[in-house]
1. Return yes when LEU38 is touching a Phe, Trp or Tyr at 6+ places or on another chain (Cβ under 7 Å) and either outside the structural domain of ALA152 (by TED's automatic domain parsing) or within 29 Å of VAL156 (Cα to Cα) (or both) and no when it is not.
2. Checking LEU64 against (1) in contact (Cβ under 8 Å) with a residue 12 or more places away in the chain; (2) exposed (fewer than 14 other Cβ atoms within 10 Å of the Cβ): exactly one of these is not met. Which one?
3. Can you confirm whether region 47-61 contains a residue that is under 16 Å from the mean Cα position of the chain (by Cα) and either surrounded by 15 or more Cβ atoms within 10 Å (Cβ to Cβ) or touching a residue at least 12 places away in the same chain (Cβ under 8 Å) (or both)?
4. Identify all residues within region 46-104 that are β-branched (Val, Ile, Thr), within 24 Å of TRP20 (Cα to Cα) and touching a Ser or Thr at 6+ places or on another chain (Cβ under 7 Å); write none if there are none.
5. Inspect all residues belonging to region 152-170 and state whether any of them is of a type in the set (Gly, Ala, Ser), closer than 25 Å to HIS28 by Cβ and either touching a helix residue (DSSP H, G or I) at 6+ places or on another chain (Cβ under 8 Å) or at pLDDT below 95 (or both).
6. From the list ARG113, ARG121, which residue is in a strand (DSSP E or B), within 14 Å of the chain's Cα centre (by Cα), farther than 19 Å from ARG79 by Cα and not acidic (Asp, Glu)?
7. Out of ILE70, ILE128, report the one residue that is at pLDDT 95 or above, out of contact with any strand residue (DSSP E or B) (no Cβ under 8 Å at 6 or more places or on another chain) and among the hydrophobic types (A, V, I, L, M, F, W, C).
8. Checking PHE89 against (1) assigned by TED's automatic domain parsing to the domain that holds PRO118; (2) surrounded by fewer than 17 Cβ atoms within 10 Å (Cβ to Cβ), only one condition comes out false. Which one?
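The values are calculated or read from the model by the stated rules, or taken from the named source; none is laboratory data. Keep in mind that what you see is a predicted model, and the values were worked out from it rather than measured. Neighbour counts are summed over all protein chains in view; Cβ atoms, including those assigned to glycine, are modelled from backbone coordinates with ideal geometry.
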Amino acid sequence: MYININEPKREISSEAVKVWRMSNTIGHIIALVIIAILFICSERFEWYSWVSIVLYCLGGLAMLSGIYSILIEPVYLQRTWRYEIDQEFIQLKHGRWNQQHILIPMEKVEYVRTEQGPIMRRHMLYNIEVGTTTSNHVIPAIPAEEAHLLKAQIAVFAKIKDQENGEGEKEHASNN
């Protein structure tokens, strides 16, 4: 018994590349500053010579990691991420070498929420998190308007009640 399921075709926002580059740059700059401070302390306080060698190696690895995660990885992720949402399933597909294709049945969805950090807010993007009983899955970098529509659509398909509206209705009804 096979079900014919079409491949997901919807792409995440191209602004995701900028967001991921900014956040990865910030993380790598912090790591390099910490390594530089430790190296300065190593030289100033005359720590063992092997500490300086280890710090040089860590600095080099951090630079190589930065080149990959700032210049290469964001473009790769944006090009390979696909998703699709219909009445039966949420499909997530990403990766080229280690490809993952995840099907989430709508009846297993327990919650859906949107997340937005300061860098994503600047680019008007959201991550959509879909939770099931055993795990949660994230659809990254969706434009704001589309994210709110998708959240509502998933909630309707999965028959999830909005907690905020439910509580507000109860309060409103008790005031009358």
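1. Values: touching a Phe, Trp or Tyr at 6+ places or on another chain (Cβ under 7 Å): no; either outside the structural domain of ALA152 (by TED's automatic domain parsing) or within 29 Å of VAL156 (Cα to Cα) (or both): yes.
For LEU38, the condition - touching a Phe, Trp or Tyr at 6+ places or on another chain (Cβ under 7 Å) and either outside the structural domain of ALA152 (by TED's automatic domain parsing) or within 29 Å of VAL156 (Cα to Cα) (or both) - is not met.
2. That leaves (1) as the condition not met.
3. Filtering region 47-61 down to residues under 16 Å from the mean Cα position of the chain (by Cα) leaves none.
Scanning region 47-61 turns up no residue that is under 16 Å from the mean Cα position of the chain (by Cα) and either surrounded by 15 or more Cβ atoms within 10 Å (Cβ to Cβ) or touching a residue at least 12 places away in the same chain (Cβ under 8 Å) (or both).
4. Residue satisfying the conditions is ILE70 alone.
5. Of the residues in region 152-170, the ones of a type in the set (Gly, Ala, Ser) are 152, 155, 158, 166, 168.
Subset that is closer than 25 Å to HIS28 by Cβ: none.
The answer is no; no qualifying residue exists.
6. Values: ARG121 fails: in a strand (DSSP E or B).
Among ARG113, ARG121, only ARG113 is in a strand (DSSP E or B), within 14 Å of the chain's Cα centre (by Cα), farther than 19 Å from ARG79 by Cα and not acidic (Asp, Glu).
7. Details: ILE128 fails: out of contact with any strand residue (DSSP E or B) (no Cβ under 8 Å at 6 or more places or on another chain).
Among ILE70, ILE128, only ILE70 is at pLDDT 95 or above, out of contact with any strand residue (DSSP E or B) (no Cβ under 8 Å at 6 or more places or on another chain) and among the hydrophobic types (A, V, I, L, M, F, W, C).
8. Checking PHE89 against (1) assigned by TED's automatic domain parsing to the domain that holds PRO118; (2) surrounded by fewer than 17 Cβ atoms within 10 Å (Cβ to Cβ), the one that fails is (2).
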